[in-house]
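Engineer: Supplied in structure tokens, the structure appears directly below.
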Amino acid sequence: MSDARAETIAAYQADAASYAAGTATTPESVVRDLDEFAGRVAAGGRVLEIGSGPGRDARELEARGFTVRRTDVTPAFVDLMRADGHAADVLDPMVDELGGPWDGVWANAVLIHLARDEMPVLLERLHAATRPGATLYLSVQEGDGDAWATRGHVAGARHFTFWRERPLRDALAGVGWEVELLRTSATSSGTWLDVFARQTAGEGEPRP
């Protein structure tokens, strides 16, 4: 694990309760994306969530009839979900077993913490863990380069990698994800790219 990602996880670990309290309400843009996702994944499907945080989006997904594997690389978030009575796993998606095959993957505002060269690695791992035709949702902040920032409900500095549409599409296509919908969401923290992609590359057959 890179030093930048380790420091980012430590920042979340220190302020998990504050983050949970400050993000308890689901923004309208996320509700829109949850509804879009629900329309693309088979009813009652199994969903892997990467970066569940305190579990807000998982609750929304479960309310829409999905079975969700709640995961987060930050132990304090997993502790919060377990304290609320939910099964949850500490999971580093870059190296740990992802299980599956999953009907969908939900990764809301979490892959921004990966280094640019880590993104294709994780996207390929998610491809391997999903069924043919599965839906991947991810959101990343639009912009260039990367930066450390202190903002929102976490006092410590966190590392962010920003993306433009074309490089993001290329990263997805390069490992077998077909972008079916990409739209933007304007928030107080900036503009976000919201992506819905379908698992392709021979519909699950091994890639050459």
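Engineer: Give segment 119-174 a look and list any residue that's β-branched (Val, Ile, Thr) and within 17 Å of Glu49 (Cβ to Cβ), or say none. Spell out the reasoning first.
Structural biologist: First, the residues of segment 119-174 that are β-branched (Val, Ile, Thr): 121, 130, 135, 140, 150, 154, 161.
Thr130, Thr135, Val140, listed by residue number.
Engineer: Somewhere in segment 131-150, is a residue of a type in the set (Lys, Arg) and touching a strand residue (DSSP E or B) at 6+ places or on another chain (Cβ under 8 Å)? Can you show your working first?
Structural biologist: Keep residues of segment 131-150 that are of a type in the set (Lys, Arg), which gives 131.
Then drop every residue that is not touching a strand residue (DSSP E or B) at 6+ places or on another chain (Cβ under 8 Å), which leaves 131.
Yes: segment 131-150 contains one or more residues that are of a type in the set (Lys, Arg) and touching a strand residue (DSSP E or B) at 6+ places or on another chain (Cβ under 8 Å).
Engineer: Check every one of the helices (runs of 4 or more DSSP H) wholly within segment 44-154 and list those with 1 or more residues that are among the aromatic types (Phe, Trp, Tyr).
Structural biologist: Details: elements: 56-63, 75-83, 119-128.
Result: 75-83.
Engineer: Still on this model: Just name the residue that is surrounded by the most Cβ atoms within 10 Å (Cβ to Cβ) out of those in segment 164-180 that are over 16 Å from the mean Cα position of the chain (by Cα) and assigned to a strand (DSSP E or B).
Structural biologist: Only one residue fits best here, namely Glu178.
Engineer: Which residues, counting only those in segment 89-145, are among the β-branched types (Val, Ile, Thr) and either under 20 Å from Glu178 (Cα atoms) or surrounded by 15 or more Cβ atoms within 10 Å (Cβ to Cβ) (or both)?
Structural biologist: Here is the first cut: in segment 89-145, the ones among the β-branched types (Val, Ile, Thr) are 90, 95, 105, 110, 112, 121, 130, 135, 140.
If the condition is that a residue be among the β-branched types (Val, Ile, Thr) and either under 20 Å from Glu178 (Cα atoms) or surrounded by 15 or more Cβ atoms within 10 Å (Cβ to Cβ) (or both), then Val105, Val110, Ile112, Val121, Thr130, Thr135, Val140 are the ones that fit.
Engineer: While we're looking at this one, here's another question. Take the residues in segment 1-43 that are hydrophobic (A, V, I, L, M, F, W, C), out of contact with any Lys or Arg (no Cβ under 8 Å at 6 or more places or on another chain) and in a loop (DSSP other than H, G, I, E, B); name whichever of them is modelled with the highest pLDDT.
Structural biologist: Across segment 1-43, the extreme among qualifying residues is Val41.
Engineer: For Ala63, work out the one condition from (1) free of Cβ contacts under 8 Å to residues at least 40 places away in the same chain; (2) buried (at least 24 other Cβ atoms within 10 Å of the Cβ) it doesn't fulfil.
Structural biologist: Result: Ala63 fails condition (2) only.
Engineer: Between Thr150, Thr161, Thr135, which is over 29 Å from Glu7 (Cα atoms) and of a type in the set (S, T, N, Q)?
Structural biologist: Working: Thr150 fails: over 29 Å from Glu7 (Cα atoms); Thr161 fails: over 29 Å from Glu7 (Cα atoms).
Unique residue meeting the criteria: Thr135.
Each row is one residue, and each column tells you yes or no for (1) closer than 24 Å to Gly100 by Cβ; (2) buried (at least 18 other Cβ atoms within 10 Å of the Cβ); (3) touching a strand residue (DSSP E or B) at 6+ places or on another chain (Cβ under 9 Å); (4) among the β-branched types (Val, Ile, Thr).
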| position | (1), (2), (3), (4) |
| --- | --- |
| Ala6 | no, no, no, no |
| Ala20 | no, yes, no, no |
| Thr26 | no, no, no, yes |
| Ser29 | no, no, yes, no |
| Gly53 | yes, yes, yes, no |
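Engineer: Residues that are closer than 25 Å to Arg40 by Cα and either β-branched (Val, Ile, Thr) or out of contact with any strand residue (DSSP E or B) (no Cβ under 8 Å at 6 or more places or on another chain) (or both): does segment 80-92 have at least one?
Structural biologist: no
The values are calculated or read from the model by the stated rules, or taken from the named source; none is laboratory data. Keep in mind the model is a prediction, meaning the values are calculated, not measured. Cβ: placed from backbone, ideal geometry, glycine included. Neighbour counts: every protein chain shown.
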